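Below you'll find the structure, written out as structure tokens, and then a few comments.
The values are calculated or read from the model by the stated rules, or taken from the named source; none is laboratory data. Computed from a prediction, not measured in an experiment: that's the story for all the values here. Ideal geometry is used to build each Cβ from the backbone, glycine not excepted, and the neighbour counts take in all protein chains shown.
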Amino acid sequence: MENKITKLNIKKANLNDAGFLLKIHNASVAGGYFHSKNLVKYSEHIKWFKSKLNSKNSQIYIGKKNRIRFGYVRFDKVENNIFEVSLGNLPIFYSKGLGSKMLGYSIQKFIKNFSPKKITSVIKRSNIRSQKCFLKNGFVKTNFNIKKT
């Protein structure tokens with residue numbers, strides 16, 4: 001899916017994206033934006049990443065602008081046809097509106113392919129940037145969770 005104006009596109013993740021997602025994860029942990037407090041080693045991450053790529057219950061999309069990867073959106077099944085979505089960007093791409101566009105395009109693609117009943121997200125109270133991103137995409141804030149009905 002590509003938007004010609006911003007040259008932003010979304011692709012399904014593959015094994016070559018493992019290091020890229022790890023870099024975002026560890027930057028998010030270091031910045032205090034992520035629920036986990038632990039930096040992850042590559043060997044642990046690659047096992048997790050392969051299991052996500054091979055799972056019918058997960059879907060990961062990579063956001064690219066002008067052919068440069070800047071972020072990801074991940075959908076994980078949490079219940080029968082209910083999915084939790086998370087996203088991350090490299091810090092140099094924060095506050096540029098790319099995360100919001102990437103989330104919107106990814107949701108469109110995900111809904112087209114999977115027809116979920118509901119999509120939810122859990123966002124740290126202190127992560128205002130992420131909250132704004134989800135609210136721009138039609139999610140509703142409820143008790144520090146964000147849900148799209």
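I need a count of the residues in region 70-93 that are touching a Leu at 6+ places or on another chain (Cβ under 8 Å) and either charged (D, E, K, R) or not in a strand (DSSP E or B) (or both).
The total comes to 1.
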Looking at the structure I just gave you, is Gly71 surrounded by 12 or more Cβ atoms within 10 Å (Cβ to Cβ) and at pLDDT below 95? no
Answer from Glu44, Glu84, Glu79 - the residue that is of a type in the set (Asp, Glu) and closer than 24 Å to Tyr105 by Cβ: Glu84
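May I ask you to verify whether Lys41 is farther than 23 Å from Ile128 by Cα, modelled with pLDDT under 95, charged (D, E, K, R) and surrounded by fewer than 18 Cβ atoms within 10 Å (Cβ to Cβ)? Lay out the reasoning, then the answer.
Numbers: farther than 23 Å from Ile128 by Cα: yes; modelled with pLDDT under 95: yes; charged (D, E, K, R): yes; surrounded by fewer than 18 Cβ atoms within 10 Å (Cβ to Cβ): yes.
So Lys41 fits the description; yes.
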Among the residues of region 58-102, count how many are over 8 Å from the mean Cα position of the chain (by Cα) and of a type in the set (Phe, Trp, Tyr). 4
Could you list, in sequence order, the residues of region 112-121 that are outside any helix (DSSP H, G or I) and either under 13 Å from Asp76 (Cβ atoms) or of a type in the set (D, E, K, R) (or both)? Pro116, Lys117, Lys118, Ile119, Thr120, Ser121
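Run down Lys96, Lys109, Lys141, Lys124 and say which single residue is at pLDDT 90 or above, outside any helix (DSSP H, G or I) and either closer than 27 Å to Arg67 by Cβ or out of contact with any Asp or Glu (no Cβ under 8 Å at 6 or more places or on another chain) (or both).
Working: Lys109 fails: outside any helix (DSSP H, G or I); Lys141 fails: at pLDDT 90 or above; Lys124 fails: at pLDDT 90 or above.
Going through Lys96, Lys109, Lys141, Lys124 in turn, just one is at pLDDT 90 or above, outside any helix (DSSP H, G or I) and either closer than 27 Å to Arg67 by Cβ or out of contact with any Asp or Glu (no Cβ under 8 Å at 6 or more places or on another chain) (or both): Lys96.
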Residue match in region 122-140 (condition: among the β-branched types (Val, Ile, Thr), in contact (Cβ under 8 Å) with a residue 12 or more places away in the chain and within 20 Å of Lys77 (Cα to Cα)): yes
When both residues are 6+ apart or on different chains and their Cβ atoms are under 8 Å apart, which pairs have a first residue that lies in region 81-98 and is crowded, with 18+ Cβ neighbours inside 10 Å, and a second that is assigned to a loop (DSSP other than H, G, I, E, B) and not hydroxyl-bearing (Ser, Thr, Tyr)? Phe83/Pro116; Gly88/Phe34
